[in-house]
Amino acid sequence: MITKHRSLKVKNTLGLDVSTRFLIVAEKKETILDAWKFSKFLKLPFLILGEASNVLFVEDFAGIIVLNRIQGINIYEDSKLWKLHIGAGENWHKLVQNMLTKGIFGLENLAWIPGTVGSVPIQNIGAYGVELKDFCSYVDVLHLKNGDIKRIYSTECNFSYRNSIFKNKYWTDFVIIAVGISLKKKWQPILTYNDLKYLKPISAWDIFNEIFLIRKRKIPDPKVIGNVGSFFKNPIVTKKEAKLLLRYFPTMPCYPYINNQIKLAAGWLIEQCNLKEFYIGDSGIYKNQALILINKGHATSQDILSLAREIRIRVGKKFNIWLEPEVRFIKAKGECDAVAMLS
Ligand code: FAD
Ligand code: EPU
């Protein structure tokens, strides 16, 4: 299905009133390839999206947006593992719920995250002590220039905190069309995250339900209040830098990260700048979680950008930590450098 000059207001979770020149819904890879050829023929920018839950449209998009809706969930098994092969257009949360219903456990900590399956490897989605990399076995990418499909095994994906090979080597000219996930048949709850430490789960459903309650407290439902989840990434600093900050801010949350580094809590840093419930136009900081920027109804892209700039400057001046957006910034011709836009 192809539509012209299409509003994206209900199609991006921030609820920004932006538009695209063409919008195509693709249920098979051939439609994606045709759309790409069409974009080359018309010399228009091309953008693949899932559910636009991690994008900030800085302005109207001047090209062709393809919404990936390739469906299909195939389940294989051996004596120890459930092996899933999932179409990139499946909804992530529904997949998690569907698997639990079938008695296939393991993904419950990642429940309630909006978006499609095809997007989850890109920033290696993570929540409540778990990241996609813990279960991902491969990612199938379609090379738009020649139609070839390449399977990239997990070991080659360079997964790290909110990062993967799909943000660089396999970024332009590639579209993720399927993801492979392996889950151990012998289920073990993961309760390492502070918010879950007290829980004594009997089944994966207990974790699923608890995470619903935690998320409900901290993260607004995008259908009610526009948002993209965490707007910025949590900063990662050296142990030395963390120690220095702790001297001045002894209550600052610190989490050990790989290679002797420390992950800080951007939400806490923002809160310390007395920015909670701070508004520019109709954009603001969510009252229960300072890392979440919201659209109260009629915020413009410029409102969100001004707010994000203000936050970055205030946190930078107070802590000498310069926050980097997690959300991807999209200009008329495609993705742009989000840090540069805020500098
Ligand atoms: P989109 O926003 O549509 O796209 C994101 C980027 O991926 C874009 O650059 C797009 O071009 C690209 N892309 C999309 N599909 C493909 C494809 N098939 N092939 C190649 N490139 C593609 N994230 C977390 O990690 N943890 C959380 O706990 C979390 N909670 C959230 C809560 C809320 C309320 C919201 C709104 C967001 C949250 N997020 C979270 C962020 C977001 O849900 C995830 O990043 C999600 O995986 C994005 O999926 P999407 O399909 O909406 O991607
Ligand atoms: N905090 C504050 N004030 C705030 C917000 C947080 O002091 O306003 C403190 C909390 O008290 C806690 C710490 O910061 O000590 C961490 O807060 P929280 O558990 O809410 O998680 P987060 O670090 O803010 C990250 C992810 C979320 C993910 C949760 C749960 C990033 C950028 N964000 O948030 O992911 O759901 O942990 O694992 O890593 C997303 O990526 O969009 C997202 C929502």
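The values are calculated or read from the model by the stated rules, or taken from the named source; none is laboratory data. Small disclaimer: the values here were computed from a predicted structure and weren't measured. Glycine also receives a Cβ, built like all others from the backbone with ideal geometry; neighbour counts cover every protein chain displayed. With ligands, DNA and RNA removed, areas are computed over all heavy atoms of the protein, side chains included. Shrake-Rupley method; radii C 1.70, N 1.55, O 1.52, S 1.80 Å.
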Förster-model FRET efficiency, 35 Å R0, Ser203 and Thr155, C-beta, rounded to 0.05: 0.65
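How far, in nm, would the chain grow between His143 and Lys83 when pulled straight, counting 0.36 nm per residue and subtracting the alpha carbon separation? Please report the intermediate quantities before stating the final value.
Values: separation 60, 0.36 × 60 = 21.60 nm, distance 2.44 nm.
Fully extending the segment from His143 to Lys83 adds 19.2 nm.
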Stretch gain in nm, segment Ala265-Lys167, where the contour uses 0.36 nm per residue and the Cα spacing is subtracted: 33.0 nm
FRET efficiency for Phe212 and Phe41, using Cβ-Cβ distance with R0 set to 35 Å, rounded to 0.05: 0.15
Charge dipole magnitude, Cβ of K and R +1, D and E -1 - the stretch 2-68, Cα centre, debye nearest 20: 240
Percent accessible area from carbon and sulfur atoms, the chain, protein chains only, probe 1.4 Å: 53
Estimated 222 nm signal from helices in the chain, with DSSP H stretches of n ≥ 4 weighted -39500 (n - 2.57), rounded to 500: -7000 deg cm²/dmol
Fraction of beta bridges assigned by DSSP in the stretch 2-68 that are antiparallel (%, nearest 5): 35
Shape call, the stretch 220-342: gyration tensor on alpha carbons, a/c limit 1.5: prolate
Cα-projected label distance for Asn194 with Phe249, points at 7 Å along beta-carbon direction, nm: 1.3
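Between Lys184 and Lys296, 0.36 nm times their residue separation minus their Cα-Cα distance comes to what?
Fully extending the segment from Lys184 to Lys296 adds 36.1 nm.
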Accessible area per residue in Å² at 1.4 Å probe, computed on the stretch 230-343: 51
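When ligands, DNA and RNA are left out and all protein chains stay put, how many square angstrom of accessible area per residue does the stretch 2-68 have with a 1.4 Å probe?
Roughly 46 Å² per residue, with all protein chains present.
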